[in-house]
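What follows is a set of notes on a single structure, which appears directly below.
Taken together, the values in this text are just the output of simple stated rules run on the coordinates, not laboratory data. These figures come from a predicted structure and were not determined experimentally. Counting neighbours? That spans all protein chains shown, and the Cβs are built from the backbone with ideal geometry, glycine included.
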Amino acid sequence: MWLALGLFLGLPSLSIGISTNSTADLCFGIGMSLVGIRGFLRPVMFGKALRLEQDPRTSQVSIGSPALHGGLALVTFLALTAGIVIKFVING
């Protein structure tokens, strides 16, 4: 689900950013694509997610190391924040 959502929102923004040289759209597209990739690598266990508890099975179905997921989360946050700030604050 997260992979489809991230790619559905990210790939069009990436193509618009590349074709129009828009840094905001490019950053937002990268961020949303990374949301999809991160969601694919670490699936959400819906029963525990609703109760905001850490499910021990999450580490068993997760692909990659915790450092990879932390790095992806940081880069995703920075890319999405940069895209939003450039689009709405700087370009106003």
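Listed values, structure above:
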item: Environment charge at residue 17 (Cβ cut-off 14 Å; Lys +1, Arg +1, Asp -1, Glu -1); result: 0
item: Label-point gap, in nm, between residue 62 and residue 84 - each point 7 angstrom along Cα→Cβ; result: 2.4 nm
item: Segment residue 91-residue 18, length gained on full extension (0.36 nm per residue, minus Cα span); result: 24.5 nm
item: Order by protection proxy (mean Cβ within 10 Å, highest first), peptides 69-78, 9-18, 23-32; result: 23-32, 9-18, 69-78
item: Spin-label model distance (nm) - residue 77 vs residue 1, 7 Å beyond Cα toward Cβ; result: 2.4 nm
